[in-house]
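Please read the structure below before turning to the comments.
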Amino acid sequence: MRDFQKLFYISLILFFGKIISAENPTDLFYAELNDIDLFPSCSKLKDPLATRPIRQSPPRYPRRALERDVQGTVLVALDISDEGKVISSEVIWSSADNPKYENIFDKNSIEASKNFIYEPKFNEYGNKVESKEHAIIVFTIEGLEETLNLGSQTRKFNSLRRMLRDNPEKFLIEVETLISGNDLSKIQRAIYLYFKGLALYQKGAEVEEVITILEDSQKNYYQTYSYETGNLEEKNIVLMGNNESKLHTYNGILLGQLYLEQSRWNEAAIQNASVIRNARNQKIDSPRYLQAYINLGISSYNLKQWCQASESWKSANDLSKKIQRQLPEWILPFIAEANKRRALETVE
């Protein structure tokens, strides 16, 4: 078999019951792939969000949030009757991409969730029983699903984005001035650092320099909240702030790619797996996640995590069909090998 470590250079980056913990922002750099627990079939724990709703009516968008282009995410806990109807619902956690409107989506989430209908649960005797479910409700504005919100810096940011396209050198000077000052919030600083790293990457800067900048960005924004459902058979639900989550789906893909180029398999796997987890929570369906799945498969393969590699490439294949793209031919033998080794692990 060809040396798999030589193949990653071919990959492309596609740009275009309680809260129990708040993780240290640097924890992501020291995590293990199994900590992400991305694919239920590779874990003994159930996914608490993998319920089968029959109906989930969309919530009413708050007018103030709509007028100000504010988007958000809400986690609700639902008590379900033996007929699959919602008896009661409670907001467990919520986030808006503008902190001034942090809880603006809570009321409408509760109202919408009362009309959800789920498939009834059955006990071991075949009788319908009441259950507890969880749902993530995402408030997005068409065309802005992946747009970052910089609050007071929005107008400046938009002009700098144009400058990045037309005059990268001037862009880097302007961004460095902003980053060196004390007027930015942590998320604003993180966003500017990401685009600084992106600009340098596009200019062909040294990989280590770009990685340092992207890691600095991540230390400014990466903080997750873990929700424990109370069911020992279920994994925790891991959440990030709305704006921070969207930024991670950009920063994490690029950082994961650079780790991959250095054969830093675990770090690459963690970045891509956490990006995919965030995208799922945010219900963002973008072609650029195809690369995240492919790269997660590459790093998992080199870590000999056969189930993770197999599932990641299966997800990549499913997404490629959906967006009418083809997986690269060179990866097919490695997919077959990962599937074979996964099957052998299952037998053992």
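The values are calculated or read from the model by the stated rules, or taken from the named source; none is laboratory data. All of these numbers come straight from a predicted model, not from anything done at the bench. When we count neighbours, we look across all protein chains shown, and the Cβ atoms used for this are built from the backbone with ideal geometry, even at glycine.
Before moving on, here are some points about what is shown:
- Within this structure, residue 244 fails the test of being among the acidic types (Asp, Glu) and in contact with a Lys or Arg (Cβ under 7 Å, 6 or more places away or on another chain).
- Count of the stretch 38-84 residues which are out of contact with any strand residue (DSSP E or B) (no Cβ under 6 Å at 6 or more places or on another chain), among the basic types (Lys, Arg) and under 28 Å from residue 126 (Cα atoms): 2
- Matching residues, the stretch 313-337, being of a type in the set (Gly, Ala, Ser) and under 24 Å from the mean Cα position of the chain (by Cα): 315, 316, 320
- For the stretch 32-87, filtering for residues that are assigned to a strand (DSSP E or B) and either over 28 Å from residue 304 (Cβ atoms) or at pLDDT 90 or above (or both) leaves 15.
- Residue in the stretch 118-131 that is in a strand (DSSP E or B) and among the aliphatic types (A, V, I, L, M) present: yes
- Options 266, 251, 295; residue that is at pLDDT 95 or above and more than 18 Å from residue 147 (Cα to Cα): 295
- Across the stretch 153-212, the qualifying residues are those that are among the aliphatic types (A, V, I, L, M) and not in a helix (DSSP H, G or I), and the one among them that is farthest from the chain's Cα centre (by Cα) is 205.
- Test set (1) more than 24 Å from residue 220 (Cβ to Cβ); (2) surrounded by fewer than 24 Cβ atoms within 10 Å (Cβ to Cβ) - residue 297 fails condition number: (2)
- Matching entry among 243, 272, 266 (being out of contact with any Pro (no Cβ under 9 Å at 6 or more places or on another chain), part of a helix (DSSP H, G or I) and within 29 Å of residue 91 (Cα to Cα)): 272
- Any hit, the stretch 127-144, residues being of a type in the set (S, T, N, Q) and touching a Pro at 6+ places or on another chain (Cβ under 9 Å): yes
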